[in-house]
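Engineer: Below is a structure I'd like to ask you about.
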Amino acid sequence: MATTITTLLLSAATVLVLVSAFAPSSSYAAQPGACDGSSLIAELALKRPAGLTSLLENASKAENSQAVLWRIERNGTSPSFVLGTLHIAHSSLQELSPAIKSAIAASRVVALEQEQLSRGAYGQVMAQAGKLMSARDKPLQRMLDESELKVVEKAISAAGYPEDLALGVRPWVATLFLAGGCPHETHEPMDLIVANFAKSHGKQILGLETLLEQFETLAAIPDEAQAAWLRASIEMNDRADDVTVTMLELYRDRQIAASLDIMRELAPNAGLTDARMQDIRHGLITDRNMRMAQRGMPLFEAGGAFVAVGATHLPGSDGLISILKSNGFTVTPVE
């Protein structure tokens with residue numbers, strides 16, 4: 001059984017490539033019909049006004065939350081840029097702004113969150129990742145009730161795999177099955193649009209993290225925190241299109257810092273306690289900010305770099321923009 005589950009997981013992983021860890025903005029299970037939705041902000045204002053008000057106020061006060069494109073400068077070098085992206089495919093995100101295009105065109109190198117892998121290298125990563133994904137103690141059976149488990153089984157089945165695969169996976173893997181993107185979406189995710197534009201201009205493209213490191217990041221989050229985020233994804237499963245539109249609204253309104261914590265308001269019964277949210281934030285954002293800043297620093301020091309990472313990595317006292325500022329760079333919001 002363990003060998004079968006591992007084999008299936010490695011196969012499933014080829015369609016569940018990590019674009020955004022636990023990204024609420026892409027939480028879709030396979031559903032019929034077009035993936036249209038509406039923002040949940042107005043609904044939250046009626047149902048959970050205090051929580052929403054506090055959430056948005058805190059987001060507006062977060063350092064460096066007023067822009068998604070930043071100019072990074074230091075005397076004697078060409079300016080660099082940092083772009084915060086949304087890891088989703090949506091019709092409204094298909095065209096890069098003139099400022100973004102200009103910044104990419106003027107750069108000497110473009111760095112994305114994740115490395116680009118050859119088919120052979122990808123297979124090697126998946127072989128290493130198998131042990132991070134599988135679990136022999138059937139954690140979902142222990143952590144979820146019957147109705148919740150059925151949602152996961154349905155998502156796994158819709159992806160073309162046997163339902164009982166759910167009994168052998170860690171919670172973070174199950175969450176990825178619920179974050180597979182709109183099944184009818186034919187557009188490209190924002191990160192890929194940036195990469196393709198950079199390639200069309202002959203730019204060197206680098207990755208700040210490896211795919212295995214991203215899988216390891218998910219696996220290192222405590223199981224109870226993983227399970228709470230999975231329950232939130234399950235709770236919002238039938239509102240996934242609305243969640244996506246809500247994340248787009250937060251992005252456009254430059255309330256990026258609210259995009260993680262809003263899941264606690266949207267899924268109040270999931271068990272996303274302060275401690276569990278802290279575990280998730282540290283694993284998915286804070287620790288990775290330090291890693292990406294360390295690897296991106298030589299690029300910024302040389303100048304002429306364009307770095308595109310998930311927008312949640314930019315704001316806050318521990319965000320990439322604050323880290324660059326503390327290292328002597330002048331940071332200027334562009335848009």
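The values are calculated or read from the model by the stated rules, or taken from the named source; none is laboratory data. All values reported here derive from a predicted model rather than from experimental measurement. Glycine gets a Cβ as well: all are built from the backbone with ideal geometry, and neighbour counts include every protein chain shown. We work out accessible area using only protein heavy atoms, side chains counted, and drop any ligands, DNA or RNA first. Shrake-Rupley method; radii C 1.70, N 1.55, O 1.52, S 1.80 Å.
Engineer: Residues in the stretch 3-10: is at least one in a loop (DSSP other than H, G, I, E, B) and at pLDDT below 50?
Structural biologist: Quick first cut of the stretch 3-10, residues in a loop (DSSP other than H, G, I, E, B) only: none.
Scanning the stretch 3-10 turns up no residue that is in a loop (DSSP other than H, G, I, E, B) and at pLDDT below 50.
Engineer: Could you run through the stretch 198-224 and say how many residues are among the hydrophobic types (A, V, I, L, M, F, W, C), outside any helix (DSSP H, G or I) and under 30 Å from SER102 (Cβ atoms)? Steps first, answer last, please.
Structural biologist: Let us first name the residues in the stretch 198-224 that are among the hydrophobic types (A, V, I, L, M, F, W, C), namely 198, 205-206, 208, 211-212, 215, 218-221.
The next check asks that each one be outside any helix (DSSP H, G or I); those that pass are 205-206, 208, 221.
In the following step, the residues that additionally are under 30 Å from SER102 (Cβ atoms) were identified as 205-206, 208.
Adding up the residues that qualify gives 3.
Engineer: Being in contact with a Phe, Trp or Tyr (Cβ under 8 Å, 6 or more places away or on another chain) and among the β-branched types (Val, Ile, Thr) is the filter; apply it to the stretch 52-76 and report the residue that is surrounded by the fewest Cβ atoms within 10 Å (Cβ to Cβ).
Structural biologist: Top of the filtered list is VAL68.
Engineer: Of all residues in the stretch 121-134, which are among the small types (Gly, Ala, Ser) and either closer than 16 Å to LEU230 by Cα or touching a residue at least 60 places away in the same chain (Cβ under 8 Å) (or both)? Show your work before the answer.
Structural biologist: Narrowing the stretch 121-134 to residues among the small types (Gly, Ala, Ser): 121, 123, 127, 129-130, 134.
Those that are among the small types (Gly, Ala, Ser) and either closer than 16 Å to LEU230 by Cα or touching a residue at least 60 places away in the same chain (Cβ under 8 Å) (or both): ALA127, ALA129, GLY130, SER134.
Engineer: Which one of ARG281, ARG264 is under 28 Å from GLY207 (Cα atoms) and open to solvent by 60 Å² or more (accessible area, probe 1.4 Å)? Outline the logic, then answer.
Structural biologist: Numbers: ARG264 fails: under 28 Å from GLY207 (Cα atoms).
Of ARG281, ARG264, the one residue that is under 28 Å from GLY207 (Cα atoms) and open to solvent by 60 Å² or more (accessible area, probe 1.4 Å) is ARG281.
Engineer: On to the next question. From the list LYS154, LYS138, pick out the single residue that is closer than 20 Å to GLN226 by Cα and surrounded by fewer than 17 Cβ atoms within 10 Å (Cβ to Cβ).
Structural biologist: Values: LYS154 fails: surrounded by fewer than 17 Cβ atoms within 10 Å (Cβ to Cβ).
Checking each option against the conditions leaves just LYS138.
Engineer: Whether any residue in the stretch 181-197 is modelled with pLDDT of 95 or more, touching a helix residue (DSSP H, G or I) at 6+ places or on another chain (Cβ under 7 Å) and not in a helix (DSSP H, G or I) is what I want to check.
Structural biologist: Checking the stretch 181-197: not a single residue is modelled with pLDDT of 95 or more, touching a helix residue (DSSP H, G or I) at 6+ places or on another chain (Cβ under 7 Å) and not in a helix (DSSP H, G or I).
Engineer: Going through the stretch 86-111 one residue at a time, which ones are closer than 17 Å to LEU206 by Cβ and either in contact with an Asp or Glu (Cβ under 6 Å, 6 or more places away or on another chain) or charged (D, E, K, R) (or both)?
Structural biologist: ARG108
Engineer: Here's a follow-up. May I ask you to verify whether HIS201 is closer than 16 Å to THR85 by Cα, open to solvent by 30 Å² or more (accessible area, probe 1.4 Å) and touching a residue at least 12 places away in the same chain (Cβ under 8 Å)? Don't jump to the end; show me each part of the working.
Structural biologist: On the way: closer than 16 Å to THR85 by Cα: no; open to solvent by 30 Å² or more (accessible area, probe 1.4 Å): yes; touching a residue at least 12 places away in the same chain (Cβ under 8 Å): yes.
Answer is no for this residue.
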